[in-house]
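Values quoted throughout were computed directly from the atomic coordinates according to the rules given, and no laboratory measurement underlies them. As the structure is a prediction and not an experimental result, all values here were calculated from the model. Positions of Cβ are backbone-derived with ideal geometry, glycine not excepted, and every protein chain shown enters the neighbour counts.
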Amino acid sequence: MEETLSSQSPIKQPSAWLPVVMSLTALIVVLGHLIMFGATREADEGVAGHVWQLLMVLQAPWVAWFALTWPRRAQRQSILILTLQAIAAFTAVVPVWFFRL
């Protein structure tokens, strides 16, 4: 018997876990750049900066979709997942802000 969307767990949805993966990937890109090149400012952001920006911006539609579709179905789980998504995004932003990259 096939499960319907409303009976599935929200964590199984790509809109739940993909933004977290994208934030962690963005964090790895920044940390890799810091390890390889240090915290030097460049005239242009470079490839690492552009990849970071794309990863952070492209997760917004996924988060929005999750926030619009899941809280009515599984409120407590949805709030926990949205909190995890926010923490992951904040974690990816902190090194960029701290080192002013």
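Values for this structure:
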{"item": "Which numbered condition LEU80 misses (of (1) closer than 16 Å to PRO14 by Cα; (2) outside any helix (DSSP H, G or I))", "result": "(2)"}
{"item": "Residues being free of Cβ contacts under 8 Å to residues at least 40 places away in the same chain and not aliphatic (A, V, I, L, M) - total across the range 66-101", "result": "8"}
{"item": "Residues of the range 27-59 satisfying the condition of being within 17 Å of GLN13 (Cα to Cα) and in contact (Cβ under 8 Å) with a residue 40 or more places away in the chain", "result": "GLN59"}
{"item": "Breaking point among (1) closer than 16 Å to ILE11 by Cα; (2) free of Cβ contacts under 8 Å to residues at least 12 places away in the same chain, for VAL63", "result": "(2)"}
{"item": "Residues (under 16 Å from PHE99 (Cβ atoms) and under 12 Å from the mean Cα position of the chain (by Cα)) located in the range 45-55", "result": "TRP52, GLN53"}
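Conditions tested, residue by residue: (1) surrounded by 14 or more Cβ atoms within 10 Å (Cβ to Cβ); (2) within 26 Å of ARG100 (Cβ to Cβ); (3) under 13 Å from the mean Cα position of the chain (by Cα).
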| position | (1), (2), (3) |
| --- | --- |
| GLN13 | yes, no, no |
| SER23 | yes, yes, yes |
| MET36 | no, yes, no |
| ALA43 | no, yes, no |
| PHE66 | yes, no, yes |
| ARG72 | no, no, no |
| ARG76 | no, no, no |
